Each structure stands twice: as C-alpha cells, then as structure tokens.
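Everything on this sheet refers to the single structure shown next.
We did not get these values from a lab; they are worked out from the coordinates using the rules stated. Keep in mind that what you see is a predicted model, and the values were worked out from it rather than measured. Backbone-built Cβ (ideal geometry, glycine too); neighbour counts: all protein chains shown.
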Amino acid sequence: MADLLIELFSEEIPAGMQKKAADDLMRMMGDAFKAAGLSYDLERAYATPQRLVLAISGLPESTPDVREERRGPRTDAPEKAIEGFLRGAKVARHECEEREEAKGTFLFAVIEKKGRATTDVIAEALETTVRNFPWSKSQRWGSGSLKWVRPLQSILCIFDGKTVNVEIDGIKAGDTTRGHRFMAPDEFSVAGFDDYKQKLLDHKVILDAGRRATLIHDTAQTLASAAGLELVKDQGLFHEVAGLVEWPVPMMGSFDSAFLSVPEEVLILTMRKDQKYFVTRDPSTGKLANKFIFTANIEPSDGGKIVTAGNERVLTARLSDAKFFWEQDLKHKLEDNLPALEDIVFHIELGRVSDRVARMRALAQHMAQFIPGCDAAEADRAAMLAKADLVSGMVFEFPEVQGVMGRYYAKAQGESDAVADAVRDHYAPAGPNDECPSAPVSVAVALAEKIDTLVGFFAIDKRPTGSKDPYALRRAALGIIRLITENGIRLELAETLLNAAKPLKPYLGLQVSVEKDGDRDEAILNHVSATIEEHLLPFFADRLKVQQRDLGVRHDLIDAVFAKGDDDLVRVLARVSALSAFLDTDDGANLLAGYKRAANILRIEEKKDGITFDQAVDETVLVDAEEKALAAALTSAVADAEASLGTEDFEGAMAALSRLRAPIDAFFDKVTVNADDTALRANRLALLSAIRSAVNTVADFSLIEG
C-alpha cells in the first residue's frame, strides 16, 4: 500500500470557494478511484488561498485483475446474432467456450483484464478532474484551453514517493511546490504528505484552514483582552479570513473616537464586510470601542507599525464616508425623502415605490383592528416612513442597513418608539431563524409589507416556479405565517388578501380581459378573487406545512384541517394540535380505522350502484341493536362536536368524536352492511355515510394517512 499527495497551486482562490473546492477535489478523485476498483484507507483535503491539496493513504499499486464471463446466444443461433455478441464482447469465436445447458449449447466469452498501474489511474483521473472541475466561476489565460478559478501555476503529484507522469495544458506534474508568497517564495521538493506539511510550516504556510481560523480567533481574543475590551464574536468571519491568509498574524489598530457617533450597525458593516476586520466592544458600557483587529499575511519586521498605519488609514477613509452620509441624512426629515420614492419603480406592473407605500399605509391601518394594542394612526405613520430611508445617502452606500437606518432617522426626528421600531422591523422576519416582531405597530406594518408583496406578484402571475423565486415570495409567506401565528392574530386570511388586492386595480388592466360592455372593475375583482382562491391560499397551505414540518407537525393533518375551508391560521393550528393529540390515542387511531373502513365500503358500493347514500338515516328501518346504538351515538356526538367547535374547544370536539369508537366497532362486528333486503342495505349504507360526515365535522379524515 502507498500514499498519494496532490497539490494544485494557483493564484489566489476566493475564500468563499475554498471549502467546496477541496471537497470537490476529494469527491471527484475518490469517485474515479472507486470506478477503477481502487480502495484506500484515508483521504483528506485542504485548501489555502493558493493551493488545493488532496492526501490519500493506503492505495494499492495497481487495480485488481478482473475476470468477467458473458453468456451469449446458442451455438446454432443465426450468424448475425453470434457476430453481434462477439463484437460486443470484443472476442473471436475461437476464444469463446461452449457450454451445455438445459436449453441447449451456449457460447460464453471469458474476458480477463489485467489490473492497471495505479499511477495510470491517478494521471487519468487527475486530468479529468482538473479539466471538469465545477468552479462556480472560472477563467482561461494565455493561449491554453484550461479553465480554472485563477491561473493554475503548478501541479504536485507524488505516489509512493515518486512523481506521477501527468501533464495538463502544458503544466507537467512534479514533486516541488512553493512556500509563502512573500516570506518564503522559493521552491522546495517533498517526498510525501508528512514531509510536505512540515516543510510548508517551515516556509510560513499553515495548511489546515481550521487551524488558521483557531489561531486568528485565539490571538484576536488575546489582543482584545490585553486592551481591556471584548471581541465581538463572528465565527463566519474567522473562517473567511482564514481563507485569505496562509500565515495569519492578527494585530490591533484604532480609529478616531469621533466616528463612534455613527450608528454601530454601520461601523460593524464597514469593518466586517469591506475590510474583514474584527470589532471590539467596551465591556463597561456595552458600546463599540475605537479599536479593531485585522489579520496580516506576513510577519512585519517593524512590529507591525507600517501595516497597522496602512489599515488605519484605509478604515478612516471608509468611516469618513459613513460619517458624512450620517450627518447629511440628519439634516432632513424622513418625510422629505417621500417625493423621491415617486421616481423609483417597484415593479413595472405594480407601480412605483410611492404607490407601494400608499398600499402599505391602507393595509397597515386595516391590520391594526386585528392586533390588540395597535394604534391605527401609528401604524399608518410607520408605514408611510418605512421606505423613506431607501433614498438616504447612508442606505444608498450601505443597502444592508435599510430599515435599521430608518429607525435611527425616525428617532432623531422625534418619532415614538413604536413608529421607529416598526420602520426598522417591517422587513422581519427575514428567515425561519430571524426574530419575529411582537410589538403591535411593528407587526401591523410588517404584515402590510409582506401581504402587499405576495398579493401583488400573484395578481400579475409572477408566482414561484420550481426552485425559482426571484421575488422571495416563499419567504414573504413564511413571514406572514410567523407574524400571525406567533402573535395570535385572529383574521380570515382570504378576506385580508382580497382587501389588500383592491388598491391594485389600476395596475391589473393588462392582466384581465373584459368582454364587450363588461364591467372592468368587476372583471379585475373576479380575477383577483380567483387567483387568491386557486393559487395564493394553496400556496399559504404549502408554506404552513413546510414551517410546521420543521416543528414536527404532520403535513396530512394540516391538509385535513385546511380542507374544511378555515383560513384563520391560529384556529387551524389549534385544530391541528388537538387532532394530532387525538390520533395519538387508541380511541383516535381506532376511529380513523373505522372511518376508513366505512369510507371504503361506501366508495365501492356507490360506484357499483351509481348513486350516493347521503340520505338521512331512517330510524324506522333500523333492526339490530348495534345499528340503533350507532345512530343514536352519531346524533349525540355530532351535536356535541359542533357545539365545541363553535366555542373553539377542539379538545372537546375530539372527545365527543371519541365516543363513536365503541359503537362503530360493535356495528362492524355484528352488522352485515350489504344485507339482502334492499331498503335495509341502503339504510345501513346511509349510516356509514353518517359516520363519514360526523368524523369530517372536525377535519377531512380522508386526507389523513394511516
């Protein structure tokens, strides 16, 4: 058994691509080895800014010999059939064996393949892997045909201590590589992985990205603690910076404390996104400190003074821009920005952002009546100002802080906390793990923003298709579901959606055809109503199932409850919860089984007779005690279940249905449904129909699995 080492050395690989590239290299080479019949003990992949590395231990020196037998046609088969078999097996007739079997004498081709040298497999697999590497972005350079993320400079490929003979686009593999780009750029040769890893370390390269990230974290933590500060943890940034340097040297810099007057979200964004700096906080005040930590890729000879000064100079320029935008924006009120929204197109078929704001205002006021403690005037005010920061200088420069800056500007001009928070929170929740607003005004405006988005794009037939969702409508629907269910908001969803669609009438003319002398407004309203009924409500049901599935709720129970036409999401989930708990009991499971038995018999008999048996049960025709008891139990249970449903006592409704278990079991045990007497049979089938109707009082049990 021998070891393999591969290094693909190139110019800088973007940090975000390195992890996947290392995994792809390991996967593609591993697949090629498995296809060739090669097994191995251990594989490891690494990435640095300039190299992808694969190390495999325990590879055999050749692939195993293969002996294959192929059964062909009978010896007396037509000549063309025999020729086709020989051609496919790549053998001559005299090389085949003739074997007697029960159905005659057959030709057998025995194909023996000698194993290939592993070095040949490696060379072939490496070239195929490199030429077909799945970079998300790649480039060609010079006169070659190879595409790589950045120009590929050298290939190291060693198997069992010897160089593998492979050449890709004029680059011949060898046993040499280079160290750190600045501190140890000279070439050096290696004999294997352990030798390679140690020599890289000697030449100022830490191969393992995890080790680089840990070093950055630990050193940054030490620097912050030494300055009496807290390091603002950012695990993603640690790993990103580890992909930017091969020899990380964290250092601390500072900036003018005057910049701390700028909102901290902007300071953090500037340092993190633009400069890849780590932020520090003063533990005594909880506010940001004017110290930052950056990661150099060299060990400065002067202790880092020049490097630190350079980073401070760059950051000062960035923060100066941010401070300028902040101060300029504060010279105006948010209302002063509203006319500029008239110049921004939201969507060509849905008007301008100013039109969207007007719709949000009307919808936020409408939503206020459903949200306890929500002031309609504040909801209107917050909706009016919600998009005003989009045309501020700060948001133009830093789009990521839209909404956040709106709150700062709102507070600066004296708006209430409720209005300012709603301006900030109206985009939330942006995902399943994002914090969901709970303040009444924030909830109203967030719902208005998302409902307007969904209704608008569905009305113009811009629905998500497959994996494509360019307008993030799935996220908007999940946001609406969370806002409603987590805040216990009671509303009829279809009515709310239809109300939100009414202001869209001026924009839907091209979507709706009107017959001659027809009423355009009525036609538009019918179009929107049909869209909501046929597409948008089912879309909500699907999103609700996705959201609840992650919480362990069965999708079929949601379907069963939605089928009853209820679109109050709070009530739907309460009913689903009660139904789930009921079906987990013996009474529930047996009632479901009894329901399905009754429904199956009915389906078969109704299909056979060509009629439905949904007529009322004739008590005068009842004969057996069990069917009389069942009829009485059905009447009582349905009455009690409907009474409980009227007060939203879903547990009580399930308890009422649970009383049907015993009489249904007794009925099926003792009573013959398909009696010889036609009237008796019809009445008993009507009794089964009554079972079906009674159980479907709380949910459509036909949609429940099991």
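Structure summary
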{"item": "Cα-only radius of gyration and Dmax that characterise the stretch 95-136, units Å", "result": "20.4, 58"}
{"item": "For the stretch 290-323 versus the stretch 1-45, the gap between their alpha-carbon centres in whole angstrom", "result": "37"}
{"item": "Given charges at Cβ of Lys, Arg, Asp, Glu: the chain dipole, positive-most of PHE458, LEU52, SER689", "result": "LEU52"}
{"item": "Sites GLN235 and SER261 - FRET efficiency at Förster radius 35 Å, r taken between beta-carbons, to 0.05", "result": "0.75"}
{"item": "Inter-probe distance in nm under a simple model that places probes 7 Å from Cα toward Cβ, at ILE604 and PHE396", "result": "7.6"}
{"item": "Mean ellipticity per residue at 222 nm, deg cm²/dmol - from DSSP H runs of n ≥ 4 across the chain, formula -39500 (n - 2.57)", "result": "-15500 deg cm²/dmol"}
{"item": "Enclosed volume per residue, in Å³, of the convex hull spanned by Cα atoms of the stretch 567-676", "result": "125"}
{"item": "Inter-part distance where the stretch 133-170 and the stretch 580-657 are each reduced to a Cα centre, Å", "result": "72"}
{"item": "Rounded Å value of the spacing that divides the Cα centres of the stretch 189-244 and the stretch 352-391", "result": "49"}
{"item": "Kirkwood Rh and Cα Rg combined as Rg/Rh, the stretch 499-653", "result": "1.11"}
{"item": "Estimated distance in nm for a label pair at HIS535 and GLU312, the labels positioned 7 Å out from Cα along Cα-to-Cβ", "result": "5.9"}
{"item": "Helical segments meeting 30 Å axial Cα length and Kyte-Doolittle -1.0 threshold in the chain (DSSP H)", "result": "15-35, 305-329, 586-609, 625-646"}
{"item": "Charge tally in the Cβ shell below 12 Å around PHE398, where Lys, Arg are +1 and Asp, Glu are -1, PHE398 excluded", "result": "-4"}
{"item": "The stretch 377-464: GluC sites (Glu not before Pro) falling in loop per DSSP and having at most 16 other Cβ within 10 Å", "result": "GLU435"}
{"item": "Length gained when the stretch ARG597-ALA616 is fully extended (0.36 nm per residue, less Cα-Cα span)", "result": "4.9 nm"}
{"item": "Largest-first ellipsoid semi-axes for the stretch 408-553, taking √(5λ) over the Cα gyration tensor eigenvalues, angstrom", "result": "29, 21, 13"}
{"item": "Spacing of the two label points (7 Å from each Cα toward its C-beta) at GLU486 and ASP343, in nm", "result": "3.7"}
{"item": "Added length on full extension, which subtracts the Cα-Cα distance from 0.36 nm per residue, ARG71 to GLU327", "result": "83.6 nm"}
{"item": "Sites GLU335 and ASP186 - FRET efficiency at Förster radius 51 Å, r taken between beta-carbons, to 0.05", "result": "0.20"}
{"item": "Shape of the stretch 83-228, Cα gyration tensor, a/c cut at 1.5", "result": "prolate"}
{"item": "Amide H partners (placed H, <5 Å) of PHE346, local residues excluded", "result": "ARG352, VAL353"}
{"item": "Cleavage-rule hits, GluC sites (Glu not before Pro), the stretch 306-370, DSSP coil, Cβ neighbours within 10 Å at most 14", "result": "GLU342"}
{"item": "Point-charge dipole on Cβ atoms (K/R +1, D/E -1) for the stretch 77-161, about Cα centre, debye to 20", "result": "740"}
{"item": "Nearest-20 debye value, the chain charge dipole, Cβ charges on Lys, Arg, Asp, Glu", "result": "1800"}
{"item": "Positive dipole terminus of the chain, leading residue within LEU4, GLY72, MET183 (C-beta point charges)", "result": "MET183"}
